[in-house]
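Visitor: One structure is given below, represented as structure tokens, and several questions about it will come after.
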Amino acid sequence: MSLPSSTSSAATTPRVLSGIQPTADSFHLGNYLGAVRQWVALQETHETFYCIVDLHAITVEHDPALLRGRTKVAAAQLLAMGVDPERSTLFVQSHVPEHAELAWVLGCLTGFGEAGRMTQFKDKSAKQGAAAATVGLFTYPILQAADILLYSPEPGPGERVFHVPVGEDQRQHLELTRTLAQRFNHRFGDTFVAPEAYIPEGAAKITDLQEPTAKMSKSASSPQGIVDVLEEPGPMRKKIMRAVTDTGSEVRYDEENKAGVTNLLRVFSALSGTPIPDLEKRYEGTGYGQFKKDLAEAVLDTFTPIRERALALLDDEKQLDLTLARGAERAGEVAARTMELVRDRVGFVGRGR
Ligand code: TRP
């Protein structure tokens, strides 16, 4: 079967959906280089949906005022980092109630044991003591599957590519999402395109500045191990200068023996676009001091304008709310269409008109 020659570009543009939790006062260097920078780049080639997942943020105990503030701060930072609301649909998850609705349906297709095998749940629940873990934390991956599948392109001939840019730690959740999409299709007829995890080559894996073998992480790293996007320039510079380096004085990429320097080389290369071997050459014989100083400048050059833009956006709350409302409207249209199909397929009676 051949495709019609006049396939419109909207029907063939690959689609992307990704989400980020509003659980910190600021995103960090790892979020930027590992995720958001790719989100921005994907705007060039994909139809992009980016979601601030506040429903996921309440799967652990939270403070309402903090959540409200952090959701706006998250939006302002995403915009400041280059997510363009004209090209991307940027929205808050709780603005589109279909996320919770589809999660219910998918939950009824998920085995209890299947959900119990999710390693992130096991890690997170172990951390807070298994008895304190909520059902919401247990079903977190199902809500994530709903986030994704609501924006599935329509399956059919000339099927569209559906990518979900995520970190390595989200692979298992993506596998579950694919399984649920296929299971739904099998039981109720073709409805979803199974999404593919998209772990872009350019995404740099950034580790903790103080513990360079561990991922830079909001929940696990110490404040000294994290560079926050919204951090003031002074402290930001200090953190880079105090980053753990390794014994010796050579600026050399060596994951096993020089995890600290290797991490800094990755950051430097990702921010400056200079290949790592060129950086190694440039700092041959100079020791760590000059290397870190220059790296601190590169970090400040990137984040100072982002910080200023984010603060300006937060200053105009009305405009920010309006941007998010527009995003919710666009997302809501797609989500409503998908959900209508889902309701029909599973056999819910339509509301007669
Ligand atoms: N679980 C993801 C994380 O912790 C966040 C997330 C929620 C997400 N929904 C999503 C990521 C949908 C991609 C797609 O990083």
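Here, each number is a calculation from the coordinates, and none is a lab measurement. Keep in mind it's a predicted model, so treat the numbers as computed, not measured. FYI the Cβ positions are ideal-geometry reconstructions off the backbone, even for glycines, and counts take in every protein chain you see.
Visitor: If each residue's Cβ is checked for other Cβ atoms within 10 Å, how do CYS51, CYS108 rank with the fewest at the top? Don't skip to the answer; put the middle values down first.
Guide: Numbers: CYS51 26, CYS108 9.
Fewest to most other Cβ atoms nearby, the residues stand as CYS108, CYS51.
Visitor: Kindly express, to the nearest 10 degrees and within the range 0 to 90, the angle between helix 98-107's C-alpha long axis and the longest C-alpha principal axis of the chain.
Guide: 80
Visitor: Looking at the chain only, what percent of DSSP beta bridges run antiparallel? Nearest 5 please. All intermediate terms of the calculation are to be shown ahead of the outcome.
Guide: Numbers: 3 of 19 bridges.
Looking only at bridges with both residues in the chain, the antiparallel portion is about 15 percent.
Visitor: Another question, if that's okay. Can you check what the net charge comes to around VAL105, using other residues whose Cβ is under 14 Å from the Cβ of VAL105 (Lys, Arg +1; Asp, Glu -1)? Don't skip to the answer; put the middle values down first.
Guide: Numbers: positive: ARG183, ARG187, ARG343, ARG345; negative: GLU98, GLU101, ASP147, GLU340, ASP344.
Net charge around VAL105: -1.
Visitor: Under the rule a/c < 1.5 gives rounded, and otherwise a/b versus b/c splits prolate from oblate, where does the stretch 62-111 land using the Cα gyration tensor? Mind showing how you got there, number by number?
Guide: Details: a/c = 3.12, a/b = 1.58, b/c = 1.98.
Since a/c reaches 1.5 but b/c is at least a/b, the shape of the stretch 62-111 is classed as oblate.
Visitor: Okay, next question. Could you grab the Rg to Rh ratio for the stretch 164-223? Cα atoms only, Kirkwood for Rh. Show your work: numbers first, answer last.
Guide: Numbers: Rg = 16.3 Å, Rh = 13.7 Å.
Result for the stretch 164-223 is an Rg/Rh of 1.19.
Visitor: Using only helices, what value at 222 nm comes out for the chain when you add -39,500 (n - 2.57) per DSSP H run of length 4 or more and divide by the total residues, to the nearest 500 deg cm²/dmol? Please list the in-between numbers first.
Guide: Numbers: 14 runs with 179 residues, N = 353.
Taken over the chain, the calculation gives -16000 deg cm²/dmol.
Visitor: To continue, here is another question. SER219 to ARG326: extension gain in nm, 0.36 nm per residue of separation minus the Cα-Cα distance? Each step should come with its number before you reach the end.
Guide: Details: separation 107, 0.36 × 107 = 38.52 nm, distance 3.14 nm.
Roughly 35.4 nm would be gained on extension.
Visitor: Exposure proxy check: PHE112, PHE192 ranked by fewest other beta carbons within 10 Å? The partial results should precede the final answer.
Guide: Working: PHE112 7, PHE192 27.
Least crowded to most crowded, the residues run PHE112, PHE192.
Visitor: Sticking with this structure for a sec: The stretch 29-179: Rg/Rh from Cα coordinates, Kirkwood Rh?
Guide: On the way: Rg = 16.0 Å, Rh = 16.7 Å.
Here Rg/Rh amounts to 0.96.
Visitor: Beyond 25 Å between alpha-carbons counts as too far, so tell me which of LYS122/LYS238; LYS215/LYS238; LYS124/LYS258; LYS127/LYS292; LYS124/LYS293; LYS218/LYS238 fall in that bin. Each step should come with its number before you reach the end.
Guide: Numbers: LYS122/LYS238 36 Å; LYS215/LYS238 20 Å; LYS124/LYS258 29 Å; LYS127/LYS292 34 Å; LYS124/LYS293 37 Å; LYS218/LYS238 19 Å.
Pairs exceeding the cut-off: LYS122/LYS238; LYS124/LYS258; LYS127/LYS292; LYS124/LYS293.
Visitor: Taking H as built 1.01 Å from N, whose amide H comes closer than 5 Å to the amide H of TYR198, not counting residues under 5 places away?
Guide: VAL164, VAL166
Visitor: Sticking with this structure for a sec: For the residues THR48, THR119, THR338, THR286, what sequence is obtained by ranking on other C-beta atoms within 10 Å, fewest first?
Guide: Details: THR48 25, THR119 11, THR338 21, THR286 14.
With the fewest neighbours first, THR48, THR119, THR338, THR286 line up as THR119, THR286, THR338, THR48.
Visitor: Using a Förster distance of 25 angstrom, determine the FRET efficiency expected from the C-beta separation of ILE276 and ASP246, and round it to 0.05. Provide the component values of the computation, followed by the final result.
Guide: On the way: r = 16 Å, r/R0 = 0.64.
It comes out at approximately 0.95.
Visitor: More than 28 angstrom separation, counting every C-alpha pair in the chain; what % is that?
Guide: Numbers: 29616 of 62128 pairs.
Summing the P(r) tail past 28 Å for the chain gives 48 percent.
Visitor: Between GLU44 and LYS127, what FRET efficiency follows from the Cβ-Cβ distance if R0 is 41 Å, with the result rounded to 0.05?
Guide: Details: r = 38 Å, r/R0 = 0.94.
After rounding, the FRET efficiency stands at 0.60.
Visitor: Rounded to the nearest angstrom and ordered from largest down, what semi-axes does the equivalent ellipsoid of the stretch 167-298 get from its C-alpha gyration tensor (root of 5λ)? Before the final figure, lay out each step's value.
Guide: On the way: eigenvalues 290, 53, 34 Å².
Sorted largest first and rounded, they come to 38, 16, 13 Å.
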